[in-house]
Amino acid sequence: MAGGKIFQPSTKIRLTNVSIVRLRKGGKRFEVACYKNKVTEWRTGVEKDIDEVLQIHQVYMNVSKGEVAKTDVLLKCFKTDDVDKVVDEILTKGEQQVSDKERQHQLDNMFRDIATNV
């Protein structure tokens with residue numbers, strides 16, 4: 001190693017506070033990286049700005065590996081290469097990855113709501 005310098009990749013993007021929304025279509029899995037709370041706000045109509053929902057404005061085959069979906073695959077599965085339309089379909093029809101703590105919190109809230117109504 002010349003000069004003892006350690007190589008650090010500067011182009012690697014670290015995804016923190018990320019929620020992945022997945023959609024299977026045409027035998028392929030498509031993913032988008034979103035902010036955790038913003039996906040539910042987008043689906044209920046509270047949040048209108050797509051840039052506030054998405055962390056990165058791209059469609060992936062695998063977010064964690066950084067594999068971006070190719071244009072020809074998008075054309076084959078979604079019949080369009082317009083990323084905005086594909087992202088919109090993934091956000092509305094896709095399933096959101098939820099952690100155990102979030103799932104337990106949602107169940108607790110639902111239990112409280114039901115108990116209050118009864």
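(1) modelled with pLDDT of 90 or more; (2) in contact with a helix residue (DSSP H, G or I) (Cβ under 8 Å, 6 or more places away or on another chain); (3) closer than 11 Å to Val21 by Cα; (4) of a type outside the set (A, V, I, L, M): which one isn't true of Gln96, the others all being true?
(1)
Counting only residues that are modelled with pLDDT under 80 and of a type outside the set (A, V, I, L, M), which one in the stretch 99-118 is nearest to Ile20 (Cα to Cα)?
Ser99
Pairs under 9 Å by beta carbon, first residue under 13 Å from Arg43 (Cα atoms) and open to solvent by 50 Å² or more (accessible area, probe 1.4 Å) in the stretch 82-97, partner at pLDDT 90 or above and aliphatic (A, V, I, L, M), six or more apart or different chains?
Lys93/Leu23; Glu95/Val21; Glu95/Leu23
Listed residues Arg29, Arg43; which is assigned to a strand (DSSP E or B) and either at pLDDT 80 or above or in contact with a Pro (Cβ under 7 Å, 6 or more places away or on another chain) (or both)?
Every option except Arg29 fails the conditions.
All but one of (1) in contact with a strand residue (DSSP E or B) (Cβ under 6 Å, 6 or more places away or on another chain); (2) open to solvent by 40 Å² or more (accessible area, probe 1.4 Å) hold for Gln104, so report the exception by its number.
Among (1) in contact with a strand residue (DSSP E or B) (Cβ under 6 Å, 6 or more places away or on another chain); (2) open to solvent by 40 Å² or more (accessible area, probe 1.4 Å), Gln104 violates only (1).
Are any residues in the stretch 22-70 open to solvent by less than 60 Å² (accessible area, probe 1.4 Å), more than 16 Å from Lys93 (Cα to Cα) and of a type in the set (D, E, K, R), and if so, which ones?
Result: Glu47, single match.
Any chance you could count how many residues in the stretch 71-80 are surrounded by fewer than 16 Cβ atoms within 10 Å (Cβ to Cβ) and touching a helix residue (DSSP H, G or I) at 6+ places or on another chain (Cβ under 8 Å)?
The total comes to 1.
May I ask you to say which residue of Thr116, Thr80 is more than 15 Å from the chain's Cα centre (by Cα), hydroxyl-bearing (Ser, Thr, Tyr) and farther than 23 Å from Phe30 by Cα?
After ruling out the rest, the residue left standing is Thr116.
The values are calculated or read from the model by the stated rules, or taken from the named source; none is laboratory data. No experiment lies behind these values; they were computed from the predicted model shown. Cβ coordinates were reconstructed from backbone atoms using ideal geometry, including for glycine residues, and neighbour counts include every protein chain displayed. Calculation scope for accessible area: heavy atoms of the full protein, side chains included, ligands and nucleic acids excluded. Shrake-Rupley method; radii C 1.70, N 1.55, O 1.52, S 1.80 Å.
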